[in-house]
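In what follows, a structure is listed as structure tokens, so that the remarks can point back to it.
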Amino acid sequence: MRLNYSNATEDFPGNIDNRLRTKEEEYSNDHSTPFPLEVADVLKELIDETIHDFEKHYFMTTETQRKLLFQLVKLFRCSRILEIGTFTGAATIAMAAAMSSSSPSLSSEENGENGKLITLEMDPKAAGLAQKHAKKLKYLDDRIDFVVGPAMESLVRITKEQPNKQYDFVFIDANKDGYASYFDFIMDHNLLSDNGVIIADNG
Ligand SMILES: C[S@@+](CC[C@H](N)C(=O)[O-])C[C@H]1O[C@@H](n2cnc3c(N)ncnc32)[C@H](O)[C@@H]1O
């Protein structure tokens, strides 16, 4: 089955009880700020390849969700992002494209480091595809760290390696039974910056 670019058509297999609200999706796509052209091109190729190569291509965020994430990251001027659940990187690329290289909540010294998005995924095939497409634009490739493995293990390791690191924006989009533990870990280890935001996709 061939799906359109936004992967949210009425006959889409995940569209149980029309929960994807395809008309609303179409409307908001048409009325949202478009991605920069070069980013839209990378996303289109990534989405086409995901649909072709992955049975569970419906894991992907929809175009409206990606545009919302893009706008939020821009609006909050996020420079340190954590994503839990990369899949093939559609949201990763949308968020990385919007990142600021300086965060309002960092000192000027700390702002010397460029923005970074850390994304966690346990499926190496999916993460590999994400990385392959991110590499097409150098500024995306420079901003994204792909970490493959069970997300909680990765989170524990990363936090030990960088004990004072905080995030301006956290996007949780992985195994639903892990959400409470991810949230607790983030809060218990003070990983969210003062004005930080957590977005969780309820699937
Ligand atoms: C809904 S998809 C993520 C969609 C992605 N954010 C996007 O924009 O297309 C959920 C992903 O979480 C991954 N996942 C599920 N459980 C995980 C775990 N315990 N650790 C790491 N990744 C996990 C799955 O392999 C899957 O790729």
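Computed from the coordinates by the stated procedures, all read-outs in this text should not be read as laboratory data. What you see is a predicted model, and the numbers here were worked out from it, not measured in a lab. When we count neighbours, we look across all protein chains shown, and the Cβ atoms used for this are built from the backbone with ideal geometry, even at glycine.
Values computed for the structure shown
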read-out: Contour minus Cα-Cα distance for Asp141 and Ser181 (0.36 nm per residue); value: 11.5 nm
read-out: Within-13-Å neighbourhood charge of Ile81 [Cβ basis; K, R +1; D, E -1]; value: +2
read-out: Stretch gain in nm, segment Asp41-Lys56, where the contour uses 0.36 nm per residue and the Cα spacing is subtracted; value: 3.2 nm
read-out: FRET efficiency, Thr159 to Leu72 (Cβ-Cβ, R0 30 Å, nearest 0.05); value: 0.80
read-out: Where labels lie 7 Å past Cα in the beta-carbon direction, separation of Lys132 and Lys23 in nm; value: 3.9
read-out: Sparse-neighbourhood loop sites, GluC sites (Glu not before Pro) in the range 26-68 - DSSP loop, at most 12 other Cβ within 10 angstrom; value: Glu55
